[in-house]
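Remarks on the structure that follows.
The values are calculated or read from the model by the stated rules, or taken from the named source; none is laboratory data. Given the structure is predicted, the values throughout are model-derived calculations rather than measurements. A quick note on method: Cβ atoms are made from the backbone with ideal geometry, for glycine too, and the neighbour counts reach across all protein chains shown.
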Amino acid sequence: MEDRHEQSSWTAPLWSLVVLGIILCCTIALGGYFLVREHKQAEDLAANNLKLAATLSQVQSQLGAVSDKLNALAAAPTPAAVPAPEERPSAMPEPRHVKAKPRMTARRATEDPRWKQVQEQLSDQQKQLASTREEVEKTRTDLQGSLSSTREELNGSITRSHDELSGSIARTHEELVTLEKRGERSYFEFQLDKSKDFQRVGPISLSLRKVDFKKKHYDLAMMVDDFQLQKKSVNLFEPIWITLSDRPQPVELVVNEIHKDEIKGYISEPKYKKSELAAAAAPAGKPQ
């Protein structure tokens, strides 16, 4: 009989720990998923940057080749190798308008189709370089926006999970009054001194056995349905869930103040018992 009582007394805390563990695992798994996705996007961004850098280097090499060609054309002597008529002896002096020949030669050089082709290639390379830069900036902006949205989504998910886990815990008397105004549960505040005697608080009895003020944890003994339970090294604000036979939901115990040989906190239980809910639903189920 004693083994069965002990097993039933420990089943409730184990189930509550299992539920909390599942919630924490889901939260961690969700955070890991977002972190992996953010890491994958960062890798894609790095790969795109490498690809764009290679494209830019190729364009720059092509521009260097074009500039070398231009320098070679500029350094090459003009093909005005027609000074043969000047070497011919002539008694008649050359007219003065013949001196304009070098200008005509330079004009012909500028009208060379090869020069136009080089200019067109240079213009095309500049357009391609400008479009590549625009694509790089657009890709970088899109990836930065995606990373920012992913971070915000991850932070929001973690915040919501934290609120769901700790939203029902009152850290002060004012927060306890706020929870009590919801009308979903009944709340009983308590103040326990270190003693072996039990003090009745709501549906259970409590006895403070040990307090570690520096580490902010304590040891507690509880009488639940005529069975004694022990909880050791319980931290500040750490909820203790207790399942009672006549409650539709677990009873919650929270200590929000730890002093030397003294603790303060509260106990919350469902507003109605199972027997009260069954009695209220019984007349409605009977046929008239």
> Residues of region 206-227 being assigned to a strand (DSSP E or B) and either of a type in the set (D, E) or without any contact (Cβ under 8 Å) to a residue 12 or more places away in the chain (or both), which ones?
Replying inline: D212, D219
> Can you find even one residue in region 178-186 that is surrounded by 12 or more Cβ atoms within 10 Å (Cβ to Cβ), more than 18 Å from the chain's Cα centre (by Cα), at pLDDT 70 or above and part of a strand (DSSP E or B)?
Replying inline: yes
> Among V234, V254, which is of a type outside the set (G, A, S) and under 17 Å from H173 (Cα atoms)?
Replying inline: V254
>> For region 114-138, give me each residue that is loosely packed, with under 15 Cβ neighbours inside 10 Å, under 16 Å from N49 (Cβ atoms) and either in contact with a helix residue (DSSP H, G or I) (Cβ under 9 Å, 6 or more places away or on another chain) or among the acidic types (D, E) (or both).
In response: R133, E134, E135, E137
> Could you list, in sequence order, the residues of region 43-72 that are under 18 Å from T150 (Cα atoms) and surrounded by 12 or more Cβ atoms within 10 Å (Cβ to Cβ)?
Replying inline: D44, L45
> Taking region 100-140 as the search range and keeping residues that are more than 56 Å from the chain's Cα centre (by Cα) and of a type in the set (D, E), which one is modelled with the lowest pLDDT?
Replying inline: E111
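Condition check ((1) closer than 18 Å to V19 by Cβ; (2) at pLDDT 95 or above) across all residues:
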site: Y218; (1), (2): no, yes
site: D225; (1), (2): no, no
site: Q230; (1), (2): no, no
site: L236; (1), (2): no, no
site: I242; (1), (2): yes, no
site: D246; (1), (2): no, no
site: Q249; (1), (2): yes, no
site: D261; (1), (2): no, no
